[in-house]
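Below you'll find the structure, written out as structure tokens, and then a few comments.
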Amino acid sequence: MPASGDTPLLTPNQRRLVGTALTFAAIVGILALLVFSLRMVGLVVQQFSGVIWPIATAGIVALILQPFVALLERRLKLRRLSAVIVLYGAAVLVAAGLLLAIAPAVIGQIIDFFNYVPTLWPHVVAWAESHFPDWLALVRRYAENPAIKNALGALAAQAQDLATQIVPSLKQAGAGIFGLFGVVASLAIIPVYLFFFLMADSRDPTRRLADHLVFLQPDHRDDVVFLVREFVGIIVAFFRGQLLIGLIMGALLATGFSIAGLRFGLALGVIIGLLNIVPYLGSILGLSVVLPLALLQAGGGLWLVGACLGVFVAVQAIEGWFLTPRIMGQQTGLHPVAIIFAVFFWGEALGGILGMLLAVPLTAFFVIAWRLVRRKYLQAAAPRADI
């Protein structure tokens, strides 16, 4: 008869149950830690956005422009300082040319658009009365119902309370002339940061990263350097490609809208194209603004809606079939649904537009990191059946 000390504390089924419970608890703990970390990063980004924005913008632009500086050094036999100055001069000339060529028309249309927006509601009512009088009469009849009127009044009161809470926050964020001064200062410091970043003769920003990670084991250090290098490459490829695609789309949309006769077509086309730096954002917002405007503007109608929709479809086809494959290639490899989800997820996690801008590079980076961990660590640690 076996001694009582030899009796196992748990049966095999109990051990499996405890192992499963511990694994589940570990997964929940890891997810909770990730959520907490993302929330902390989002709070830090929101709190110090005025400091982070300029240096992040300058860093990304420097990574994009490094090959051009190297090209000037190699082709024109210039020193680094001279190459950077020549690049700055060329950028100033191009910016001045664009400002003189299209800025007055675009700015004028933007001002006219904001003046025109308050007059849209009477146009909506007039259009509804001429096209759907029965539906409008039905809506007005039900709007006179006391219960519906009370519900609408309650919604209006809640909206007013929300506005009274938001407006002071916006005023506090802007802080009047000091907020304007902060915005101007942030924009003015970007060229300064950019100059010093370009002066650093480093075509590979991760070249010396391994020297600062001596506390890691060589195998793990190589993995960290690989992931950082991949992330930098994704950032450069994404923003360089998306900026070029956005500019081309803006030019095509502005031309198409102007030819179709859409009011404010030049300004809307340029803005929508630039907003497409965040994938799908420009198209979604553009459709929600352009189509109602085409329907309600003087001389517009369904034919103008169809023309503007045709411009959208044509430009999206050019972007999907020609621009993105030629310029971006398969840099991210993400499904469109994953991209849309990532834009909203990182926008919420990092508190706004910065997260939306970095959504695709961050998601692609985590996909690469997961593949590396799965291939190198999880599969290697998985038990193999004896053959």
| Out of all the residues in the range 228-264, which are over 16 Å from VAL278 (Cα atoms), in contact (Cβ under 8 Å) with a residue 40 or more places away in the chain and not charged (D, E, K, R)? | PHE231, VAL232, LEU252, LEU253, GLY256, PHE257, ALA260, GLY261, LEU262, PHE264
| task | Pull up the range 237-288, narrow it to residues that are more than 30 Å from PHE345 (Cβ to Cβ) and of a type in the set (S, T, N, Q), then point me to the one that is modelled with the highest pLDDT. | result | THR255
| message | I'd like the full set of residues that are more than 22 Å from VAL367 (Cα to Cα) and either touching a His at 6+ places or on another chain (Cβ under 8 Å) or not in a helix (DSSP H, G or I) (or both), limited to the range 197-246. | response | ALA200, ASP201, SER202, ARG203, ASP204, ARG207, ARG208, LEU213, VAL214, PHE215, LEU216, GLN217
| request: For residues that are touching a helix residue (DSSP H, G or I) at 6+ places or on another chain (Cβ under 8 Å) and farther than 20 Å from GLY265 by Cβ, tally how many sit in the range 83-119. | output: 5
| message | Just to be sure before I move on: is GLY300 at positive phi, at pLDDT below 80 and surrounded by 17 or more Cβ atoms within 10 Å (Cβ to Cβ) in the structure I sent? | response | no
| query | Filter the range 239-259 for residues that are over 27 Å from ALA338 (Cα atoms) and surrounded by 20 or more Cβ atoms within 10 Å (Cβ to Cβ); which is nearest to the chain's Cα centre (by Cα)? | reply | ALA254
| query | Which residues, counting only those in the range 255-287, are of a type in the set (Gly, Ala, Ser) and closer than 20 Å to TRP303 by Cβ? | reply | GLY256, SER258, ALA260, GLY261, GLY265, GLY269, GLY286
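Condition check ((1) charged (D, E, K, R); (2) more than 21 Å from ILE107 (Cβ to Cβ); (3) out of contact with any helix residue (DSSP H, G or I) (no Cβ under 7 Å at 6 or more places or on another chain)) across all residues:
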residue	(1), (2), (3)
ILE248	no, yes, no
GLY256	no, no, no
ALA260	no, yes, no
GLY273	no, no, no
ILE277	no, no, no
ILE284	no, yes, yes
| field | Condition broken by LEU120, with the remaining ones in (1) under 31 Å from the mean Cα position of the chain (by Cα); (2) modelled with pLDDT of 70 or more; (3) surrounded by 11 or more Cβ atoms within 10 Å (Cβ to Cβ) satisfied | value | (2)
| field | Candidates GLU319, GLU348 - the one that is assigned to a helix (DSSP H, G or I), modelled with pLDDT of 80 or more, surrounded by 13 or more Cβ atoms within 10 Å (Cβ to Cβ) and charged (D, E, K, R) | value | GLU319
| query | Can you tell which of VAL69, VAL45, VAL61 is at pLDDT below 80, within 29 Å of the chain's Cα centre (by Cα) and within 24 Å of GLN242 (Cβ to Cβ)? | reply | VAL45
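The values are calculated or read from the model by the stated rules, or taken from the named source; none is laboratory data. Since this is a predicted model, take the numbers as computed values, not measurements. Please note: Cβ atoms are built from the backbone with ideal geometry, for glycine as well, and neighbour counts cover all protein chains shown.
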